[in-house]
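Structure first, then comments.
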Amino acid sequence: MKAFQLVGGSADVDQTTALNDVAQPDPGPGEVLVRIGGAGACHSDVSLMEFSAAGPRDTPMTLGHENAGWIEAFGPGHLEVPGLEIGAPVAVYGAWGCGQCLNCRKGMENYCLNITASGPGLSVDGGMAEYLLVPAARYLVPLGDLAPAEAAPLTDAGLTPYHAIKASLPVLTPGSTAVVIGAGGLGHLAVQFLKALSPARVIVVDQRESALALVADLGADHTVVAGPDAAAEVRGHMGGQGAELVLDIAGYDDSLALAAAVVAPLGRLTVVGVGGGTLPFNFFGFPYEASVQSTYWGSITELQELLALSRQGGFRVHAAQYPLDQAADVYRQMVGGTLQGRAVIVP
Ligand SMILES: [Zn+2]
Ligand SMILES: [Zn+2]
């Protein structure tokens with residue numbers, strides 16, 4: 001079968017990736033083979049390409065950590081579970097932990113205490129191929145009447161902001177404000193989740209006017225163009241007060257500085273983006289009792305909730321589909337900043 005793989009060697013998309021012929025995997029005991037209906041292209045794949053150039057990584061490795069498809073085959077001796085029959089459409093939960101520690105047993109394998117950042121397209125072959133080998137049926141969530149290519153982005157671009165917002169719902173009371181920095185693949189979903197789950201006013205900041213126009217259409221109350229006056233403008237929309245929740249979907253020095261400038265006392269500043277920026281902290285330079293946390297993906301049960309919200313028509317995904325042989329072009333556009341919305345690779 002064809003697979004879009006990280007081959008390493010350079011951070012350049014054309015040097016570090018290749019469309020290769022690989023053997024179709026054969027599921028062993030406990031494993032499930034999924035025929036891929038869609039695999040989302042994520043900006044963190046670009047980080048993988050850069051890290052691959054910088055240091056050792058097991059390559060070639062098929063990319064794609066945002067996957068959905070249909071159950072093709074089970075390994076020997078599997079337990080029959082309603083909704084998980086051969087041919088059933090499923091989303092693939094992508095954070096693969098040990099399954100045994102306290103966090104894994106809660107469904108939060110994204111915070112496994114024994115295994116870090118493991119999953120398809122991250123540590124083993126991912127979904128940018130015709131088939132994906134999944135190590136356990138517990139990672140599969142039935143899609144019902146959702147189409148795999150449309151549901152694929154929900155497993156990461158949807159699940160990550162959904163988890164971050166859910167954790168902060170207690171502070172998003174009537175009259176509160178949530179600020180979202182970044183209006184792209186994750187940001188446009190974050191806006192809709194905030195509107196679906198909370199009464200908070202939603203303000204979105206981005207450099208791109210076209211991205212701001214999209215989120216305004218999807219329900220954002222105010223949009224602000226990123227720049228030196230952004231913090232004052234955001235505060236102007238809050239009567240000079242701060243925001244109970246700030247989601248920084250970029251994570252660079254300048255976005256973190258903006259986030260710190262608009263968060264309220266007792267507010268939450270959640271860093272979703274993997275930009276790797278630094279947020280200086282001192283007692284006098286930060287609102288009292290505001291907290292800062294990173295976040296990584298979400299739990300399996302939150303993916304189930306998110307898919308239920310999608311089936312209820314609770315939000316729209318702005319995504320376009322591309323064939324496997326255009327995957328390199330998608331990443332070139334992503335690196336060049338010209339890719340609009342989420343890209344889903346359909347083998
Ligand atoms: Zn991702
Ligand atoms: Zn674990």
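What follows draws every value from the coordinates through simple rules; no lab data is involved. All values derive from a computational prediction rather than experimental measurement. Counting neighbours? That spans all protein chains shown, and the Cβs are built from the backbone with ideal geometry, glycine included.
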Task: Difference of contour (0.36 nm per residue) and Cα-Cα distance, THR59 to GLN321 - done: 91.7 nm
Open item on the list: For a quick size check, give me the Cα extents of segment 249-316 along its three principal axes, largest first, whole Å.
Closed with: 46, 24, 21
TODO: Could you estimate the translational diffusion coefficient of the chain from the Stokes-Einstein equation, with Rh from the Kirkwood formula over C-alpha pairs, at 10 °C and 1.306 mPa s, in whole µm²/s?
DONE: 77
Open item on the list: What's the ranking of 339-347, 26-34 by average number of surrounding C-beta atoms within 10 Å, highest first?
Closed with: 339-347, 26-34
TODO: Compute the signed sum of charges (Lys and Arg +1, Asp and Glu -1) over the other residues within less than 15 Å, Cβ to Cβ, of GLY187.
DONE: -2
Task: Span from the segment 109-141 Cα centroid across to the segment 233-272 one, whole angstrom - done: 33
Task: Kirkwood-type radius of segment 49-110, with distances r between different C-alpha atoms, in Å - done: 14.8
Task: segment 49-172 shape via C-alpha gyration tensor axes, a/c threshold 1.5 - done: rounded
Task: Eligible lysines near LYS106 by straight Cα distance, threshold 17 Å, same-chain separation 8 or greater - done: LYS166
Open item on the list: Given segment 177-254, report the % of alpha carbon pairs whose separation exceeds 18 Å.
Closed with: 30
Task: Those GluC sites (Glu not before Pro) in segment 34-143 that DSSP places in a loop and that have at most 10 other beta carbons within 10 Å - done: GLU80
Task: Extent along principal axes [Cα atoms of segment 209-293; Å; largest to smallest] - done: 38, 30, 21
TODO: For the chain, with a Gaussian network of springs between Cα atoms less than 10 Å apart, report the residue from LEU159, LEU279, LEU212 with the top mean-square fluctuation.
DONE: LEU279
Open item on the list: Can you compute the modelled spin-label distance between GLU80 and ASP221, with each label point 7 Å from Cα toward Cβ, in nm?
Closed with: 5.3
Open item on the list: If I build a Gaussian network model for the chain, linking alpha-carbon pairs within less than 10 angstrom, which residue out of GLN312, GLN241, GLN326 has the largest mean-square fluctuation?
Closed with: GLN312
